[in-house]
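A short write-up of the structure that comes next.
The values are calculated or read from the model by the stated rules, or taken from the named source; none is laboratory data. Not measured: the values here are computed from a predicted model. FYI the Cβ positions are ideal-geometry reconstructions off the backbone, even for glycines, and counts take in every protein chain you see. All accessible areas refer to the heavy atoms of the entire protein, side chains included, with ligands and DNA or RNA removed. Shrake-Rupley method; radii C 1.70, N 1.55, O 1.52, S 1.80 Å.
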Amino acid sequence: MRFKEDIKAIAGVLLIVILFILASYVVKNNLDLFKSYIKDDFMGMIIYALVLVISIVLAPINDIVLVPIATAIWGWFIAALLTLLGWVIGSSIAFILARKYGVPLSKKILPLKEIYKSQEFVSKENTFIGIILLRIAIPIDIISYATGIFTNISFTHYFFATLIGFLPLAFFLAYLGTLPVYLQIIGFILFLLVIIVGFSSVKHRHIKKTKKAV
């Protein structure tokens, strides 16, 4: 059962990587078409950030594939800042909703099974560093809901830990969108290695705390 879940997770990550590279290639070769729909102005930036916020709060899906589009339209630095803004605001709202309304509201947005499954990666005593590691290791936003429900961390600590954790990812992905396909593949291989190491670290910390509690 665990093996099937791991295969499913790997397949999901590979799909995101393929879609990111495909989106990067398509937007680079059809930039004028994309600019006719997404305006290269302040309002376009606001709309992009809002789409990220909504995707996190109302439909927690991986919106990484949108980053190369933003990079092509506004440049990698602005795209990184906008992506970071959308992710941090969306994650903060999700955390507040989960902290205030708990499982009854969260299960209307996420499958109840996934909410409790995510408890494997968070602990009641999750620290500032722990949240940063979670953000780097698991760049999906079910963690915002899980952290709000299952931990005692304050919103201030959560906010800054999320900001620090998402910061390198946002800039890495935005810059990656400017590179040729072969360099994007190399970049994603390195990124996946970081995720594997971070994921193992988070899991090890959780197991250690569980053993201590027992």
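So which residues in region 138-153 are aliphatic (A, V, I, L, M) and open to solvent by 30 Å² or more (accessible area, probe 1.4 Å)? Full working, then the answer.
From region 138-153, those aliphatic (A, V, I, L, M) are 138, 140, 142-143, 146, 149, 153; that's our starting set.
If the condition is that a residue be aliphatic (A, V, I, L, M) and open to solvent by 30 Å² or more (accessible area, probe 1.4 Å), then Ile140, Ile149 are the ones that fit.
Okay, residues lined up against (1) outside any helix (DSSP H, G or I); (2) at pLDDT 75 or above:
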residue	(1), (2)
Gly90	no, yes
Gly130	no, no
Ile149	no, yes
Asn152	yes, yes
Tyr158	no, yes
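Considering only residues of region 168-185 that are assigned to a helix (DSSP H, G or I), without any contact (Cβ under 8 Å) to a residue 40 or more places away in the chain and not hydrophobic (A, V, I, L, M, F, W, C), which is most open to solvent (accessible area, probe 1.4 Å)?
Per the stated criteria, the residue is Tyr182.
Quick one: which residue in Ile93, Ile109, Ile54 is open to solvent by 30 Å² or more (accessible area, probe 1.4 Å), under 30 Å from Asn29 (Cα atoms) and not aromatic (Phe, Trp, Tyr)? Let's see the steps before the verdict.
Values: Ile93 fails: under 30 Å from Asn29 (Cα atoms); Ile109 fails: under 30 Å from Asn29 (Cα atoms).
The unique qualifying residue is Ile54.
Considering only region 154-167, state which residues are polar (S, T, N, Q), open to solvent by less than 60 Å² (accessible area, probe 1.4 Å) and over 17 Å from Gly86 (Cβ atoms).
Taking region 154-167 first, the residues polar (S, T, N, Q) are 154, 156, 162.
From what is left, the residues that are open to solvent by less than 60 Å² (accessible area, probe 1.4 Å) are 154, 162.
Selection gives Ser154 alone.
Could you list all residues from region 1-11 that are assigned to a helix (DSSP H, G or I) and either at pLDDT 80 or above or open to solvent by 90 Å² or more (accessible area, probe 1.4 Å) (or both)? Even if it seems obvious, please write down each step before you answer.
Step one: list which residues in region 1-11 are assigned to a helix (DSSP H, G or I), which gives 2-11.
Of everything in region 1-11, those that are assigned to a helix (DSSP H, G or I) and either at pLDDT 80 or above or open to solvent by 90 Å² or more (accessible area, probe 1.4 Å) (or both) turn out to be Arg2, Phe3, Lys4, Lys8, Ile10.
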